[in-house]
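Take a look at the structure set out below.
The values are calculated or read from the model by the stated rules, or taken from the named source; none is laboratory data. Just so it is clear, the structure is predicted and the values come from calculations on it, not from any experiment. Ideal geometry is used to build each Cβ from the backbone, glycine not excepted, and the neighbour counts take in all protein chains shown.
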Amino acid sequence: MGPVPHPPANGTRVAIVDPLPAFRTGLAQALRRVGFQPEQPQDLPSWIDANGPRAAVVTLGEPEDLDLISHLKNGRDFNLLILCDQPPEGYLRKLIRLGCYSLVDRSASTDLIAQALKMTVECYGVAPVEVARSLTKLVPTTDCHDISECEVVLLQDMATGARVAELAADRNYSEREMYRVLKRLYYRMQVSNRSQALVTAVRNGLI
């Protein structure tokens, strides 16, 4: 069974970490529009440790910033969206190993960033297509020749960000049945979740 999504936004408190005040202000407005409660805490680790659902949008600029992410993720379970300007491949691999699965170009609109965070709190990894392609080296080569046309369409729908409930409704399945279909598909693709399935699909030219 796939991950249980959290309620979208729903007043979730969100820390914004970025060096530019004007950018923080604009992003805060976009986050409020989709139901988040943005804040700009001075002590981010302590803020994350407080009670209640938490998320953070953090801009990374220098390689040393990875030390901050490593410190933040150490023993903490919270939703994190990284903003970065075209990081090198090695940088992305380190982020993934640290447990960061959502990345957006900092030059994206604040509304797009807000939507990306919304997806992140619903347990989806978010990344630009070129980033996903650069990560295919992290996934073992998988024989996808036995993937049916219907399953290819399913993978294409998944790539749009459609939720499990939407995938199920489009196919007249219950959500429970849809989860079973996805579980069998992941097993045959030799992956364990949606993000890995999509990376593998891209690598094999299915989407």
Worksheet, complete the sentence: Filtering the range 1-16 for residues that are modelled with pLDDT of 90 or more and farther than 17 Å from Ser107 by Cβ leaves a count of 3
Worksheet item: Is it fair to say Val121 is modelled with pLDDT under 85 and closer than 20 Å to Arg194 by Cβ?
Response: no
Item to complete: Output yes when any residue across the range 27-35 is on the phi > 0 side of the Ramachandran plot, among the small types (Gly, Ala, Ser) and modelled with pLDDT of 85 or more, and no when none is.
Response: yes
Practice prompt. Filter the range 181-202 down to the residues that are in contact (Cβ under 8 Å) with a residue 60 or more places away in the chain and out of contact with any helix residue (DSSP H, G or I) (no Cβ under 8 Å at 6 or more places or on another chain), then identify the one that is farthest from Ala162 (Cα to Cα).
Written response: Lys183
Worksheet item: Can you tell me which residues in the range 58-67 are within 16 Å of Leu103 (Cα to Cα) and either basic (Lys, Arg) or modelled with pLDDT under 85 (or both)?
Response: Gly61, Glu62, Pro63, Asp65, Leu66
Discussion item. Ala55 - would you say it is modelled with pLDDT of 90 or more, among the small types (Gly, Ala, Ser), within 19 Å of Leu112 (Cα to Cα) and assigned to a strand (DSSP E or B)?
Written reply: yes
Response to the item:
If you go through Leu135, Leu182, Leu154, Leu112, the only one that is closer than 30 Å to Gly61 by Cα and modelled with pLDDT of 90 or more is Leu112
Worksheet item: Out of (1) surrounded by fewer than 17 Cβ atoms within 10 Å (Cβ to Cβ); (2) aliphatic (A, V, I, L, M); (3) modelled with pLDDT of 90 or more, what's the single condition that is false for Ala162?
Response: (3)
